[in-house]
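FYI, it's all coordinate maths here, none of it is from the lab. None of the values given here were measured: they were computed from a predicted structure. Every residue, glycine among them, receives a Cβ derived from its backbone with ideal geometry; neighbour counts consider all protein chains shown.
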């Protein structure tokens, strides 16, 4: 009978020689390829294409064929550059427009096939965190409080942070593309339309305005193509040579009102490709300046994609924001850490015994098994009856920094499935990379939880688990099951429940 200690889930392979970060925004798709270098990175390639994904978002939460084709063609070109890069060395994230697509639209599956790597759809507040991480790493070291603003195609992120830590973050439903389409649909510029666009922005900011103002900051930094474009234009006119001032932004607004249509805009420093969305971007930035009382904004070249790279570098140094998020959540709901730790240890031992036969070689898999073990009883904070359902809801809807929406859904599905009915349907909706592995991880978690159902702190021998395709064999020391009839009965019931997943469990 094995008594081997649990695996160390923090062990990771050496960092890849090359990393890539891809930001699939509502306006532009960006990719950076970089080489890790002493805790930083050296950029070796940059690619950017203005896809304007938000233009193609339909009322039924799908993409128009033209825009979908444009996006997929861009991803295929990115994919050619990434060919040969191993799993784990590429991180691609989708933001506002991709967040709004129906899960059954089919675009995400096509996009991942074109890119050749998984794509994570991240929540707005997670986007804000990564933006801040990118901007903060590009600035001089300082613990002074700063405000960071990023205007994307479909959303605007505002963050207050200190050093490398965001303290307050929000994602607002307004961006340069969406504002242009909503308030200037035919490309005609009028004072009334500009006023309505700015009022709409003020309305979006209203629920968070006072909280941000009262928190306060010393410096203001803007990132994103929209803010850099505005800074370039006001500098070219001689209105501001040091970032963007409130006065320069006001003068730019008046200058834009002197043109009848987007196509007529003739301002030095404005790129042709930026013209159709420039007025919407200016209206959004004016709303932010006015609502938050900003007088001057410096401009950063770093943004979400750099934040992704720094995040990847941080993971190789074991500075795992996902681990911190799980720890904070477990503490907030006062989970029994000792009991969760025993289940974690047993689950990892079982994992180690079947990792090859069950093809669970992805380095992320033991981490998700551990996190699910630590959070599996979180639902007890709501009610004991069907606490696995309460727990799944809490995990799925918590603000878990570092987790994409699909990753949070996976973790919630594992928590839901750790007891009672096997939730096969929850796993069928996962991405291709997890669709087969997730039910297997769930089985390991279920077995670990079952073996510790008595909550006794007394050490138990680790059973021998073997796997051959969908057949599991669990072996205990001679006579152990006879001495533990309740465990034997529970295993019989578990064997019945696992038939739903097509898994045959035998034990002796």
message: Can you give the log10 of the normalised intensity I(q)/I(0) at q = 0.22 Å⁻¹, computed with Debye over equal Cα scatterers of the range 160-293?
response: -1.43
- line: In this structure, the FRET efficiency calculated for residue 186 and residue 332 from their beta-carbon separation, with R0 = 51 Å, to the nearest 0.05, is 0.55
- line: Per the helix-only model, the chain has a calculated mean residue ellipticity at 222 nm (DSSP H runs of ≥4, -39500 (n - 2.57) each, divided over all residues, rounded to the nearest 500) of -14500 deg cm²/dmol
- prompt: Helix 321-332: angle to the longest alpha-carbon principal axis of the chain, degrees 0 to 90, nearest 10?
  reply: 70 degrees
- request: Determine the percent antiparallel among the DSSP beta bridges restricted to the chain, to the nearest 5.
  value: 65 percent
field: Ratio of Rg to Rh over the range 357-459 (Cα coordinates, Kirkwood Rh, two decimals)
entry: 0.95
statement: Ranked from fewest to most other Cβ atoms within 10 Å of their own Cβ, 405, 342 fall in the order 405, 342
message: Can you tell me the length gained on complete extension of the stretch residue 298 to residue 237, counting 0.36 nm per residue apart and subtracting the Cα distance?
response: 20.2 nm
field: Fraction of the pair-distance distribution of the chain above 37 Å, Cα-Cα pairs, percent
entry: 36 percent
- request: Fewest Cβ neighbours within 10 Å first, please rank 360, 53 accordingly.
  value: 360, 53
- request: Report, to the nearest 10°, how far helix 365-375 tilts away from the longest principal axis of the Cα atoms in the chain, using its own Cα long axis and a range of 0 to 90°.
  value: 80 degrees
- prompt: What is the order of 173, 30, 339, 418, fewest Cβ neighbours within 10 Å to most?
  reply: 173, 339, 30, 418
- prompt: Roughly what angle does helix 437-451 make with the longest principal axis of the chain, taking Cα atoms, 0 to 90 degrees, to the nearest 10?
  reply: 50 degrees
- request: Show me 254-262, 115-123 ranked by packing, highest mean number of other Cβ atoms within 10 Å first.
  value: 115-123, 254-262
message: On the Cα set of the range 43-199, report Rg and Dmax in Å, please.
response: 17.6, 53
- prompt: Considering every Cα-Cα pair within the range 302-396, what fraction, in whole percent, is farther apart than 24 Å?
  reply: 35 percent
statement: Here, the range 19-122 modelled as identical Cα point scatterers in vacuum has Debye log10 I(q)/I(0) at q = 0.13, 0.15 Å⁻¹ of -0.44, -0.58
Viscosity 1.306 mPa s, 10 °C: Kirkwood-radius Stokes-Einstein D of the range 320-507 over Cα pairs, µm²/s: 95 µm²/s
- request: Return the percentage of antiparallel bridges among DSSP beta bridges fully within the range 139-300, rounded to the nearest 5 %.
  value: 70 percent
